[in-house]
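Inspection log for the structure reproduced underneath, given as structure tokens.
The values are calculated or read from the model by the stated rules, or taken from the named source; none is laboratory data. Every value quoted in this text rests on a predicted model; they were computed, and no experiment measured them. Glycine gets a Cβ as well: all are built from the backbone with ideal geometry, and neighbour counts include every protein chain shown.
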Amino acid sequence: MNVQYDSYQNAKQILKAVRQQHTEKLRSQLTSQGFIISFLLEHSMKSLNSLWSSAQSKLPKNIFNFSIRYLNNTLANRVNLYKWKLSQSSDCSFCPCPEYLLHVVSGCKSYFEEGRYTWRHNSALHFVASTVQSVRNSSLYVDLPGFLSPCIITGDQLRPDMLLSIGKTKLFVIELTVGFETNLNSNAERKHEKYYQLTLDLSSDFHSVKCIILSLSARVSKVRPAKGFNPTRRALLQNYKTNVERQALPKSYKNKYTL
């Protein structure tokens with residue numbers, strides 16, 4: 001599907017057109033389940049559609065178009081240009097691999113060596129840290145310049161992205177992973193195993209130690225939650241909604257209970 005988004009006036013028109021195309025496709029392919037699909041799209045998704053329509057309508061047009069085309073894989077990477085007969089090669093400009101969307105987002109060795117993926121990770125981490133700073137009666141440690149280092153509590157052997165301590169009662173070990181959608185679950189499992197022993201070791205200094213894996217991509221985001229973290233997570237979601245409208249950041253914080 002390659003919708004020409006520049007011909008639309010606002011986000012509401014685009015969402016309606018895309019949703020209509022998906023609805024018709026599902027109805028034709030799943031005849032017996034068609035009425036169920038229609039009901040879910042028309043009723044269950046109303047609040048979510050309203051939120052993202054509001055957020056997207058405030059994005060600058062260039063960022064909005066980029067985000068929508070990313071979601072539909074119609075960006076002008078070399079593979080798509082070759083498919084559209086606008087390029088003689090589908091190879092990446094910086095390495096010999098085919099330049100698929102996955103390759104650009106998280107698979108190019110040259111980008112990795114240049115530190116582009118690290119910059120993206122740290123930018124997202126800085127935003128999360130700035131939001132979590134609003135938690136009352138807490139101390140924040142972040143593996144970024146300008147913040148207290150997590151090594152103060154964990155030592156040098158393991159250094160998670162963020163620690164949030166609430167007095168001597170609770171400690172949240174927060175690890176951020178940013179990548180392509182297909183890697184979210186595997187990355188979350190890997191990070192959880194990596195810091196499992198650390199959470200046990202820190203239990204001697206705190207009454208409760210929980211590990212939270214926050215996974216971000218352009219299409220979807222997941223939070224592997226810890227019991228007792230709901231107030232902080234709610235603040236993160238609410239503050240992000242405000243900032244996505246003000247700063248035009250094309251990402252979403254959605255926990256696994258909403259999608």
Residue list for segment 103-126, filter: touching a residue at least 60 places away in the same chain (Cβ under 8 Å), surrounded by 18 or more Cβ atoms within 10 Å (Cβ to Cβ) and touching a helix residue (DSSP H, G or I) at 6+ places or on another chain (Cβ under 9 Å): Val105, Ser106
Tally of residues being among the hydrophobic types (A, V, I, L, M, F, W, C), in contact with a strand residue (DSSP E or B) (Cβ under 6 Å, 6 or more places away or on another chain) and under 19 Å from Ala124 (Cα atoms) across segment 146-193: 11
Residue, modelled with the highest pLDDT, within segment 59-84, restricted to residues that are assigned to a loop (DSSP other than H, G, I, E, B) and within 19 Å of the chain's Cα centre (by Cα): Leu75
Filter pass, Ser87 being over 15 Å from Leu163 (Cβ atoms) and either at pLDDT 95 or above or in a loop (DSSP other than H, G, I, E, B) (or both): yes
Lone unmet requirement of (1) touching a residue at least 24 places away in the same chain (Cβ under 8 Å); (2) surrounded by fewer than 20 Cβ atoms within 10 Å (Cβ to Cβ); (3) under 23 Å from the mean Cα position of the chain (by Cα) for Met162: (2)
Pairs where the first residue, in segment 60-89, is under 20 Å from Leu102 (Cβ atoms) and the second is among the charged types (D, E, K, R), C-beta under 7 Å, 6+ apart: Leu71/Arg219; Leu75/Arg69; Asn77/Glu99; Arg78/Asp91; Arg78/Glu99; Val79/Glu99; Ser87/Arg78; Ser89/Arg78
Leading residue by the ranking (surrounded by the fewest Cβ atoms within 10 Å (Cβ to Cβ)) among those in segment 206-220 that are at pLDDT below 90 and among the small types (Gly, Ala, Ser): Ala218
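Is it fair to say Ser138 is of a type in the set (S, T, N, Q), over 30 Å from His207 (Cα atoms) and surrounded by 13 or more Cβ atoms within 10 Å (Cβ to Cβ)?
Criteria not met by Ser138.
Can you give me the number of residues within segment 135-189 that are in a loop (DSSP other than H, G, I, E, B) and not aromatic (Phe, Trp, Tyr)?
Number satisfying all stated conditions: 21.
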